Amino acid sequence: MQYIDIGAFFLKVSSLQYDNDVIVSAAGRILVIDSACLQRCLEKLLVSLTKVKFYEKQRLIIVSDLKNVRMETKIFDKKKTIDLRKKHIGPSCKVFFSHDPIKIVRAKGQYMYDENGNQYLDCINNVAHVGHSHPIVVKAGAKQMELLNTNSRFLHDNLVQYAQRLQATLPEKLSVCYFVNSGSEANDLALRLAWQYTGHKDIITLENAYHGHVSSLINISPYKFHQLSNAEQSKSVHVALSPDVYRGIYKKDHPDPATAYADDVKNLIHKAHENGHKIAAFIAESLQSCGGQVIPPAGYFQKVAQHVHKAGGLFIADEVQVGFGRVGTHFWAFQLQGEDFVPDIVTMGKPIGNGHPISCVVTTREIAEAFRNSGMEYFNTFGGNPVSCAIGLAVLDVIEKEDLQGNALRVGRYLMQLLEQLKEKHPLVGDIRGCGLFVGVELVRDRVKLTPATAECQDIIYKLKEQHILLSADGPHRNVLKLKPPMCFSEEDVDLVVEKIDQILTGTLKTLCVCLKSSRNHIFVFIIQNAFSIHFDVSSEENGHHHSNGIDHSCEMSQQNKRLRP
């Protein structure tokens, strides 16, 4: 059966049994794949369909009334799907918008569609990197699957061609690839490479970091292991301060936050050595995603790498969330730190296959040779198979041909611009930070104490969902709106999203009732809104430290003085 994406459902006229299939959409459109069978199809259709119009040039038959049509695949109503999910899927596997989940049945570009044909603007799906269901990617996978899919123990040009293309986007010394199937597999393998090469065991990770779901990665992911009841941090794992210059200890007004945060890593290494431990690797997302869209200060990675290398360890850059041109100015997010920084290992995932399960670890020849010398062969059944590599090549082709990295830069700058204007208008918006199409909007109840506006953030997300815009929140306090849409996102999409957020924030302010009570050291502000009931305690200082007023931290300087578009 050959499917063509022309509607919310894929239907088949059951009475037609030709070599070439006919596809019918829920909207009543039928697309005949082979023009040679058009006449026969039309004659057959007249038996089962009424009010048929045929357009020969477009090879399209418009039908206003369908009869004798059956679903090609069984479709449950939403309640049945929810019931079956509860019955057969593990309860720890959560869904978006759990109070009223969305049932998505198809997607195209930056849009997703539910079972009723409602269109949603996808602002969060960085897996569908070049756009949902991109025809070039789909065609490449289907074409290769028709020919061959097998493991990498057989020679195949797709594997070496893809490795060559990937390496061409990286610094020269990162020349050896290992293909696997997910970001978790990639990061797990990166740890194995580091352990084997250094002969050390300990790993330094960052606060709020997330690197994957397998056991070795849960241990180094505070974002996850802090959720475990009665869990003890492994003695071989050391958690460094997140280089967050908005909410962290060293803020934007610090004279050298990069050095200050890197010195924290240096101190962790010193303490580990005092306790008889040795560092195998420091691992960090090039830009922290689950940690709240955190952009590390320039120079931080270079200084950390110096300390780690001196201790005999390696630097692992996790690009699973942010690679492949998303930051706009560069193909890889670690390159934001400068040309003088090159990690020892880079891991990739999510966007690499546009939804197809493929990932990769790239490292130096020296580290790869040490891994081979362990005496254990490395084999991955599906890693680097011809179909996955064909899809990976197609993704690279689309990024280049459609200038998606350039689009990320242009649209990302425009997004930052409008969000900065939003921040000037709404006190709830504390910080705007991002690079390209990787942007965070941190919401706070005041801009001095940085009290997280968690409830407000969730309310905005649900209100946007009602407007058919999909957004999510992250960060340790779940108060950061995160935007990391497909790379085909447009300025028109930006206008819509920012306009709706502005309307939601403005709607809450219209019903604002403020009562001020002063005391010697504090001003107490009581706010009752249509959506929230919040108590603000506004103070000029907290614990003796002065807090910044929420100036943006971004890769590009945004224009500050333009008005929001209506």
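The values are calculated or read from the model by the stated rules, or taken from the named source; none is laboratory data. Quick caveat: nothing in here was measured; it's all calculated off a predicted structure. Glycine gets a Cβ as well: all are built from the backbone with ideal geometry, and neighbour counts include every protein chain shown. Heads up: the accessible areas ignore ligands, DNA and RNA and are worked out on the full protein's heavy atoms, side chains in. Shrake-Rupley method; radii C 1.70, N 1.55, O 1.52, S 1.80 Å.
Quick check on THR454: is it open to solvent by 10 Å² or more (accessible area, probe 1.4 Å), β-branched (Val, Ile, Thr) and touching a strand residue (DSSP E or B) at 6+ places or on another chain (Cβ under 9 Å)? For THR454, the condition - open to solvent by 10 Å² or more (accessible area, probe 1.4 Å), β-branched (Val, Ile, Thr) and touching a strand residue (DSSP E or B) at 6+ places or on another chain (Cβ under 9 Å) - is met.
Against the list (1) open to solvent by less than 30 Å² (accessible area, probe 1.4 Å); (2) touching a Cys at 6+ places or on another chain (Cβ under 8 Å); (3) not in a strand (DSSP E or B), the condition LEU159 fails is (1). The single condition from (1) crowded, with 20+ Cβ neighbours inside 10 Å; (2) in contact with a Leu (Cβ under 9 Å, 6 or more places away or on another chain) that ASN208 fails is (2).
Would the range 408-429 turn up any residue that is of a type in the set (Ser, Thr, Tyr), open to solvent by 10 Å² or more (accessible area, probe 1.4 Å) and within 15 Å of ARG326 (Cα to Cα)? Yes, the range 408-429 has at least one match. Of the residues making up the range 77-99, those that are touching a Lys or Arg at 6+ places or on another chain (Cβ under 8 Å) and without any contact (Cβ under 8 Å) to a residue 24 or more places away in the chain are THR81, VAL95. Note on the range 269-297: residues that are free of Cβ contacts under 8 Å to residues at least 12 places away in the same chain and buried (at least 16 other Cβ atoms within 10 Å of the Cβ) total 0.
In a residue-by-residue description of the range 333-351, the property of being under 23 Å from GLN144 (Cα atoms), touching a residue at least 24 places away in the same chain (Cβ under 8 Å), in contact with a His (Cβ under 9 Å, 6 or more places away or on another chain) and of a type outside the set (Ser, Thr, Tyr) applies to at least one position. Considered as a group, the residues in the range 298-327 that are part of a loop (DSSP other than H, G, I, E, B) and open to solvent by 10 Å² or more (accessible area, probe 1.4 Å) include one that is nearest to ASN181 (Cα to Cα), and that residue is VAL320.
Note on the range 378-406: residues that are under 16 Å from ALA186 (Cβ atoms) and free of Cβ contacts under 8 Å to residues at least 60 places away in the same chain amount to 0.
Could you check the range 333-392 and list, in sequence order, the residues that are in contact with a Leu (Cβ under 6 Å, 6 or more places away or on another chain) and assigned to a helix (DSSP H, G or I)? ALA333, ILE367, PHE371, PRO386, CYS389 - these are the residues of the range 333-392 that are in contact with a Leu (Cβ under 6 Å, 6 or more places away or on another chain) and assigned to a helix (DSSP H, G or I).
Filtering the range 170-188 to residues that are open to solvent by 10 Å² or more (accessible area, probe 1.4 Å) and in a strand (DSSP E or B) leaves VAL176, CYS177, TYR178, PHE179. Within the range 377-390, one or more residues are at pLDDT 95 or above, over 28 Å from ALA194 (Cα atoms), in contact with a helix residue (DSSP H, G or I) (Cβ under 7 Å, 6 or more places away or on another chain) and crowded, with 24+ Cβ neighbours inside 10 Å.
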